[in-house]
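The values are calculated or read from the model by the stated rules, or taken from the named source; none is laboratory data. Predicted, not measured: the structure shown is a model, and the values here were computed from it. Every residue, glycine as well, gets a Cβ built from its backbone with ideal geometry; the counts of neighbours run over all protein chains shown. These area figures cover heavy atoms from the full protein model, side chains too; ligands, DNA and RNA do not enter into them. Shrake-Rupley method; radii C 1.70, N 1.55, O 1.52, S 1.80 Å.
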Amino acid sequence: FDKSAVNLDYAYAEFQPYSWLTLTGGKMKIPFWEAGDLLWDTDITPEGGALNLNMKTTPHWTTFLNLGAFVLDESAADQTDPYLIVIEPGFQSNMFGEKADFKLAVAYYSFSHGSPKSVLDNRSSPTTNTVTGGRYDYKHDSFNPNLELGIQNPLSLPIPRLAVFGEFIHNPDPDDNNNGWLAGLYVGDKKVMGPGQWQVKGSYRYLGKDAWLDSFPDSDFYGGATDVRGYEAILEYGLNKNTSIAVDYYRSQRITADEQPESVLQTDLNFRF
């Protein structure tokens, strides 16, 4: 019988003075591109400001630049609230009469002081980064290349699209447990938006203990921890316009810790509006 709280996923303003420039401020969708979901849970809605440049340089090539500045935590007792700066240049291309497409970007993540001074309040629990006395042992300024290569209707098979994708993360501060990667493949429609559309996707990931902050990865994959490896498989099918059903299976385990592997099976009915 308690009163129910209301939480906002998004609360932002977006301004597009030119077709190639978008400015966004507030609590927003993640405004940069990641080929997989090694680093960012799709539920995260960062707060701050972003600038997105997207210019068609030739009929088949587009260059883009994503910039962002985000507040990570706020504490009245700490005057140096942690923040994150993101710089992500990249390009994409449609080739061979738009039968193939290619997208490449390299993101650089720069945290204030190299990392928040203290462990973030919204971190996964228990923490899997190396921490001493409630503070991170290492900086987390990292480089993150992302790549996707797709082919439309490969070999004239009844497959709308086949694509391979992957990403890599490197944190130069620790001497070990400082890298991560994800590689995957999907077949089917690029997006499932209508009846009869479908997509099957599979990926494998490895994320070192201190390659990335443990506050941000997919919470369904071993609770959003770092120091994990394993695979994910997804089947999605369109039931109607903007309505689909999906089955998602995760199999994950720790890399260095002696803990039991974890399996998670999810079924989702999705409505887009």
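The table that follows gives values for the structure above.
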| item | result |
| --- | --- |
| Hey, Ser115 touching a residue at least 60 places away in the same chain (Cβ under 8 Å) and surrounded by 15 or more Cβ atoms within 10 Å (Cβ to Cβ) or not | yes |
| Filter result (free of Cβ contacts under 8 Å to residues at least 40 places away in the same chain, in a strand (DSSP E or B) and open to solvent by 80 Å² or more (accessible area, probe 1.4 Å)) within the range 180-199 | Leu185 |
| Lone qualifier among Ala246, Ala233, Ala257 - being assigned to a loop (DSSP other than H, G, I, E, B) and either within 20 Å of the chain's Cα centre (by Cα) or surrounded by fewer than 18 Cβ atoms within 10 Å (Cβ to Cβ) (or both) | Ala257 |
| Tally, over the range 200-220, of residues that are more than 21 Å from Ile245 (Cβ to Cβ) and assigned to a loop (DSSP other than H, G, I, E, B) | 11 |
| Per-region count, the range 203-229, residues open to solvent by less than 30 Å² (accessible area, probe 1.4 Å) and farther than 25 Å from Gly114 by Cβ | 2 |
| Tally of residues being open to solvent by 50 Å² or more (accessible area, probe 1.4 Å) and modelled with pLDDT of 95 or more across the range 72-91 | 4 |
| Within the range 157-169, considering residues that are at pLDDT 95 or above and open to solvent by 60 Å² or more (accessible area, probe 1.4 Å), the one farthest from Ser203 (Cα to Cα) | Phe168 |
| Candidate set: the range 16-71, residues that are among the polar types (S, T, N, Q) and open to solvent by 40 Å² or more (accessible area, probe 1.4 Å); chosen: the one farthest from Phe165 (Cα to Cα) | Gln16 |
| Single residue of the range 109-120 satisfying the filter (part of a strand (DSSP E or B) and within 14 Å of Phe70 (Cα to Cα)) that is nearest to the chain's Cα centre (by Cα) | Tyr109 |
